[in-house]
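Data block below; observations after.
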């Protein structure tokens, strides 16, 4: 095998150097004994899994933690994008349609009150009685596929106080059982839904307002449930191999960590995160008023996630 650069070890320094060389157009090979990059510290959870460098590699190269690259690169990346695009389209279309209906309703009432007969006749001829039904159907589809997206990204609410008190071995088994139970439940719901759609498709049932075949509407049940079942199995397989679950930071802004890293590499001024801006503003107001809620001083400035990912010795004075 021919290559221009060989990197020994896929830890934080190794994969960072490898991808930097690849960005420069060099042929790079990483030699790593473990099935995934990140180093021993990320696998033992001494370093958070959501470091921007690791997350950036996953986004850029379409890899999913714990899954073979042959699965991750082409198929799962397309499925992830289709899932996100469908949810975004349904949210946007439903919001726009509701806005149009509200404007139409109040405009019709205004035209009747002010006796604008021409405008009233034109608005009255526009039939939007089907809009409410369509919005309901779109929200149903959005909820089914949004639930699958939530399993993949780890944004579902879960009560894990008792599970976190268990030992590492028992905790892993309980979490894995819960994931497999979720896959079994959604698989059963999807199978019953598919059977229901199959039978109703052989009837003449149509929706009241849109007058579309009802089986098209109920198709969201098997499709969304089977996708959710697949996501449960995907997360279970990843947890079985790596011991990690997908997590979501509510304060995280997509793409902001990449901008911070780019600014650090190029020496450009770094943008301040929203949480930092609010805290610094509050401290400045308290100091200006002569007192601070945090004691005698504003305290040290909180580090960004990207700053915490830097090796020791590379910190810069940002004051």
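The values are calculated or read from the model by the stated rules, or taken from the named source; none is laboratory data. Owing to the predicted nature of the structure, the values given are computational and were not obtained by experimental measurement. Methodologically, a virtual Cβ is constructed for each residue, glycine included, from the backbone with ideal geometry; neighbour enumeration extends over all protein chains shown.
Miscellaneous remarks
Residue by residue, here is whether (1) touching a helix residue (DSSP H, G or I) at 6+ places or on another chain (Cβ under 9 Å); (2) within 18 Å of residue 142 (Cβ to Cβ); (3) outside any helix (DSSP H, G or I) holds:
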site: 169; (1), (2), (3): no, no, no
site: 173; (1), (2), (3): no, no, no
site: 179; (1), (2), (3): yes, no, no
site: 188; (1), (2), (3): yes, no, no
site: 195; (1), (2), (3): yes, no, no
site: 209; (1), (2), (3): yes, no, yes
site: 224; (1), (2), (3): yes, yes, no
site: 235; (1), (2), (3): yes, no, no
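- Qualifying residue in the range 234-244 (condition: at pLDDT 90 or above and surrounded by fewer than 16 Cβ atoms within 10 Å (Cβ to Cβ)): yes
- All positions within the range 142-167 that are in contact with a helix residue (DSSP H, G or I) (Cβ under 6 Å, 6 or more places away or on another chain) and not in a helix (DSSP H, G or I): 156
Every residue, every condition in (1) surrounded by fewer than 16 Cβ atoms within 10 Å (Cβ to Cβ); (2) touching a strand residue (DSSP E or B) at 6+ places or on another chain (Cβ under 7 Å); (3) at pLDDT 90 or above, yes or no:
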| position | (1), (2), (3) |
| --- | --- |
| 82 | yes, no, yes |
| 106 | yes, no, yes |
| 138 | no, no, yes |
| 146 | no, no, yes |
| 160 | yes, no, no |
| 180 | yes, no, yes |
| 190 | no, no, yes |
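- Hits in the range 245-263 - residues which are at pLDDT 65 or above and in a helix (DSSP H, G or I): 258, 259, 261, 262, 263
- Residues in the range 99-138 that are within 38 Å of the chain's Cα centre (by Cα) and either under 18 Å from residue 211 (Cα atoms) or not in a helix (DSSP H, G or I) (or both): 127, 128, 129, 130, 131, 132, 133, 134, 135, 136, 137, 138.
- Hits in the range 23-35 (condition: over 15 Å from residue 8 (Cα atoms) and at pLDDT below 75): 23, 24, 25
- Among the residues examined, residue 132 does not qualify as more than 27 Å from residue 216 (Cα to Cα) and out of contact with any helix residue (DSSP H, G or I) (no Cβ under 7 Å at 6 or more places or on another chain).
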